[in-house]
Each structure stands twice: as C-alpha cells, then as structure tokens.
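Here the structure comes first, spelled out in structure tokens, and everything after it is commentary.
The values are calculated or read from the model by the stated rules, or taken from the named source; none is laboratory data. The structure displayed is predicted, hence computed values, not measured ones. Glycine also receives a Cβ, built like all others from the backbone with ideal geometry; neighbour counts cover every protein chain displayed. SASA here: full protein model, heavy atoms, side chains in, ligands and nucleic acids out. Shrake-Rupley method; radii C 1.70, N 1.55, O 1.52, S 1.80 Å.
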2 protein chains.
Amino acid sequence: MPDRSSSAANRSTARRTPLSVDVVPLTPHGRQLTTLLVRAADPRSRQRWELPWDAMRGDETLDDAAARLVRAALGTAPGLLEQIAAFGDRQRHPADAMVSVAYLALVAEGTAVPIGGDAAWFPVDELPPISPRQRAMVDGAMRAVRMRLDQSPIAFSLLPQTFTLSQLQEVYELLLGRRLHKASFRRALHASWLVEPTDEWRSEGRGRPAQLFRYAPRKRRGGRRGVRFEGLGVAAAERS
Amino acid sequence: MPDRSSSAANRSTARRTPLSVDVVPLTPHGRQLTTLLVRAADPRSRQRWELPWDAMRGDETLDDAAARLVRAALGTAPGLLEQIAAFGDRQRHPADAMVSVAYLALVAEGTAVPIGGDAAWFPVDELPPISPRQRAMVDGAMRAVRMRLDQSPIAFSLLPQTFTLSQLQEVYELLLGRRLHKASFRRALHASWLVEPTDEWRSEGRGRPAQLFRYAPRKRRGGRRGVRFEGLGVAAAERS
DNA sequence: TGACATTAGTCACAATCCGTGACTAATTCG
DNA sequence: CGAATTAGTCACGGATTGTGACTAATGTCA
C-alpha cells in the first residue's frame, strides 16, 4: 500500500494519479484462498479496505514498483510475482487512476504475517466492499491463476520448500475448485518429473506419516501431443 | 498508428507521453504469420517502422483506444482484440512512454489491405528494426497466442467465416510450429463440437473439393478431466 | 480417354492414458 | 489390542490417441 510519504500526499493535494500499480497477494488459508487487504492510507477513508497500491516512483519499472509494494505489505518476497493485466476502464479505483496495472503475488501458506490491524487476509469469495476496479483485479487474478495452473509452477509457489503430496493435491483442488482422485493425481505427477522425494517424513497428527517432496523439475522426454480443443467451446451444465 | 493531428503534434512539441497504447496486428500470410508495421508519423524519422500506437484521448478506455488504433490502421474491425500486457521497463519506445499497454489484434487472412506504402505486413520472424519495447510486444503477442490457443477461439479469428478443415489445420500448425496428423486433428475437432458443416464445397484447384465449415460452438457434455502437468517442467530436446 | 498426381475424408488397430475401487502400510487414540 | 485415520500402491477396463492405410473426387497431361 502507499506509504504515507508519497502518494497519499499526492492524493491529498488532489493530483490525480495517471497510473497506479496494484498487487493482489494470494495465499491459501486452510481450505480457502485468501487475499491481503490493507486499510486505506487516505486519512479521510481509513475504514475502507483496499489492495496494496501506489504510483510509480522515479525511474522505477512496473516490476520494481510491484516488488516494492509486496515488500512493504508482506515484509517478504513472494514465491511468484507476475503481471496480470492493465485495467483502463472507467471503474472507480482508490487512486482514481486512469490506468492501473495489476500484479499477482503468490505466497506460501503461513510465510507472511501482516503486522498489526492495518492488514488482513480475506477469503476471495467473502471480500468486504472494495473499489470496483480492485474487485475486478481480484477476479482477474483468480482467472489468471486457473489459466496458468498448467503452464506455470503456480501450485509450488503456494507451498513451502518441502511438502507432502497430499498438500500439493489440496492446493490443486483449491485452485481448480474440484476434487481429484489420489491415484490419478500421483500417477500424472510422477510421469511429469516435477518433484523429487526428500528423506524426511512428517507425521501430521493421526494417520501414517507422509514423505516430504521438493519441487525439482527434470528434463522430460516424450513427443508432443496433438491439439486439445477442450478449453474451447461452451461447457455443459456441471454435474454435482 | 497515431494520425497526424494529435499525438504526432504532442511528440513534436517534446511532451513525453506517460502512457501509450500499442497494437500488434497479426494475420496469416501464406505459411507465415505476419504483423502490420507502419511508417513513423514523426516527420523526423519517417523511414522507421513501428507498430500502430497512440496516447489515450479524452476519457477513452484502454479498449476504446486499441479499437480506434485498429480501425485507423486496418480500416476494419479485427476478429479478436485482446490485451496482452503492460510494458513498463526502460526499453526504448517510439513515444518514450513510461508504460505501454499492448494489444493483440487478430485478422483473417486477406481481409485487411493496408492502404498505400505507409503500412506493410512483415513475417514475425523477419521484422525490420523496430524499437526494443515494440519488439518485445511482438514476442509477447506470439507467446500469448500460443498460450491461449486452447483457451480462446484464436484460430477461428484468423480465418474467414467459412473455411475448410485443411485451412483450420494449417492455422493450428502455423501457430504451434509443428505438423499435426490429419485423422487425429479431425477426430478431436469433431469431439469438441466447435464447428458445423455448411452445404457448400470449395474446389481449390486440383484435388477433391473440400466441404466448408463454420465456427459454431455447441454445448459439450463430459466430465472434467484430471490435471495435466505437461505444460510444466523442462522440455527435453526437440526431435526433428 | 485414361493413367496419374493431388487433395479430402474415413477407418481400424495398437498403444497409451486415465478414472476408479480396492487394497496394503503406518500411525494415533481409546 | 482394535478402530479410525491418513499415506501410498495396484490393477482392471474403458476412453483417448498416434498412425498407416484406405477410399473418394477432382484436375492434368499424354
């Protein structure tokens, strides 16, 4: 979020920021995906929640600004920081910016603890009222996460260095919004050479201890497959 | 491209545009994908090529500005117009814009004919020198096209209303950069309910005439499949 | 006119992939 | 100890898919 010195001052002098950079931090929290909201820096609306945002400074790049915002809000570097899109419609935004560039920041569960009561994690489907443009950013972030799930090692950015396969499966189920079959999941995972076992085991309360794995992608051989048209077209009614 | 009245004037008065909107128009041209470049509007560098771009005007949205640019450059509406990303590093850009928002415009082959010698289609892998940021936009457009190929009906935007299945397959081969097997391609296509046959046939010179199809996605039923890890990880050396 | 080249379109087989239920293994709790 | 709980594996059958060979319809050219 904008720290007190710069952009908040700009706003209070009624200068409209032409361009803002906004971050959507995401982390799993139990069985829900949550995003970080902070109290508005503007003293006139301190009871409102908003995504961390600020104007660009000096000769910063967009990526620089996004990284700075995450550092300021979380105190730590994210597992993955990626641009989502630029939002340039007329929806309201805390900065009244003409254009806002949104970033997605993925953080492992439990790594980042917001300091004090000025920030809190909210489940993405139970957000308090925020500005329409930032609301669209959260939706866009969710869409981006789902679309890139099989192109980018997103799931591993939401987990600690080492994890159990059940944890990994839970993250996939969280992001996809549906249950997966254990045997299929593991068969596909082993075929992909994405993880390697460590020699540690974790006993998580009751039940058999689980082996810990780490993300370690290896070269995979195998011919390219044909075209998949499955993502196109109109999906029929989902069966429960 | 910026028409003479507005942005060129801005630039000649040495005002740095903070934000530009740039378009990457793509169309197949024979066996190659081509992009449209125009002569620089700036009278001091009229021999340079650039992607169509301009600053935002009045209370235009980003999408408005992109649509206006395409209309000005092609004289027609594109089959698909989609934002790629915002470019905000320090690479040089014709406008010296701090941030440039790039759009992808897909046009059916042969639809749009640039008027006069101020615009021309260039194969994307044989571009003349253009500014580094616009060069990155073209690369980004290609990546975006390939990534969204199975999420968005991109291939159909590059074809006329009706087309033969061989034409469709050629577009897929062009975008994927590899050959596909005819029987597999058609089997998958029929299973996806994306196209429907018309009662027209086209005889394209020699060989058996081909039936014409149109894009007409239908509701598809079928349970969701498991997770695919194939897009992740490091691909082994391609075999020729 | 009739072989041949060329492009469209289909078929069927084998190999692989994948959903699924049932199974074994290792631990905690009472 | 036995029930409950979680981890991990196996194997069957059906679905998917790579592939080569086939038929069909046209133009070309001797």
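Could you give the dipole magnitude of chain A about its Cα centre, charging the beta-carbon of Lys and Arg +1 and that of Asp and Glu -1, in debye to the nearest 20?
Details: 36 positive and 26 negative charges, 150 e Å.
Charge dipole of chain A: 720 debye, to the nearest 20.
Would you calculate, for chain B, the mean residue ellipticity at 222 nm contributed by helices, counting each DSSP H stretch of 4 or more residues as -39,500 (n - 2.57) and dividing by all residues, to the nearest 500? Don't jump to the answer; show the numbers that get you there.
Working: 6 runs with 63 residues, N = 240.
Calculated mean residue ellipticity at 222 nm is -8000 deg cm²/dmol.
If the only charges are +1 at each Lys and Arg Cβ and -1 at each Asp and Glu Cβ, what is the size of the charge dipole of the protein assembly as shown around the Cα centre, to the nearest 20 debye?
Working: 72 positive and 52 negative charges, 272 e Å.
Roughly 1300 debye for the protein assembly as shown.
With every protein chain in place, what's the accessible area of A:I154 (1.4 Å probe, Å², nearest 10)?
0
For segment B:160-215, what class follows from the C-alpha gyration tensor (a ≥ b ≥ c being the square roots of its eigenvalues): rounded when a/c is under 1.5, otherwise prolate if a/b is larger than b/c, else oblate?
Numbers: a/c = 1.71, a/b = 1.23, b/c = 1.39.
Taking the square roots of the gyration eigenvalues as a ≥ b ≥ c, segment B:160-215 is oblate.
Taking Cα pairs under 8 Å and at least six residues apart, what relative contact order does chain A come out at, in percent?
Values: 371 pairs, mean separation 43.2, N = 240.
It comes to 18 percent, rounded to a whole number.
Starting from a label point 7 Å past Cα on the Cβ side, list the distances from B:R90 to the same position in the other copies, nm, shortest first.
3.8
Could you calculate the contour length gain from B:R92 to B:E109, that is, 0.36 nm times the residue separation minus the distance between their Cα atoms, to one decimal place in nm?
Working: separation 17, 0.36 × 17 = 6.12 nm, distance 3.09 nm.
This chain segment gains 3.0 nm when fully extended.
Suppose we consider the axis relating copy A to copy B; can you name the residue of A with the nearest Cβ and state that distance in angstrom as an integer?
So the chain A residue sitting closest to the axis is A:A86, 2.
Would you be so kind as to identify which of A:A65, A:Q134, A:P28 lies farthest towards the positive end of the dipole of segment A:7-148, taking Lys and Arg as +1 and Asp and Glu as -1 on Cβ and the Cα centre as origin?
Going by the Cα projections, it comes out as A:Q134.
Can you give the accessible area of B:D118, probe radius 1.4 Å, in Å² rounded to 10?
Surface accessible to solvent at B:D118 totals approximately 60 Å².
Treat each spin label as a single point 7 Å out from the Cα along the C-beta direction, and report the B:R135 to B:A120 distance in nm.
Each label point is offset 7 Å from its Cα along the Cβ direction, giving 1.9 nm.
Roughly how big is segment B:160-215's charge dipole about its Cα centre, with Cβ charges of +1 (Lys, Arg) and -1 (Asp, Glu), in debye to the nearest 20? Working shown, then result.
Numbers: 9 positive and 6 negative charges, 59 e Å.
Rounded to the nearest 20 debye, it is 280 debye.
Could you work out how far apart the two model spin labels at B:A191 and A:A72 are, taking each label as a point 7 Å from the Cα in the direction of the beta carbon, and quote it in nm?
Each label point lies 7 Å from its Cα, and together they span 5.1 nm.
Identify all aspartates and glutamates with a Cα-Cα distance to A:K219 below 16 Å; exclude those on the same chain that are fewer than 8 residues away in sequence.
A:E196, B:E230, B:E238
Which residue fluctuates the most in chain A, going by a Gaussian network model with Cα springs under 10 Å, if the choices are A:L194, A:L36, A:L104?
A:L194
In nm, to one decimal, how far is the A:E173 label point from the B:R214 one, both placed 7 Å along Cα→Cβ?
Placing both labels 7 Å beyond Cα along the Cβ direction yields 4.5 nm.
In Å², rounded to the nearest 100, what is the total accessible surface buried by chains A and B against each other with a 1.4 Å probe? Intermediate results must be reported in sequence, preceding the final value.
On the way: alone 14710 and 14690 Å², together 24660 Å².
So the buried area, both faces added, is about 4700 Å².
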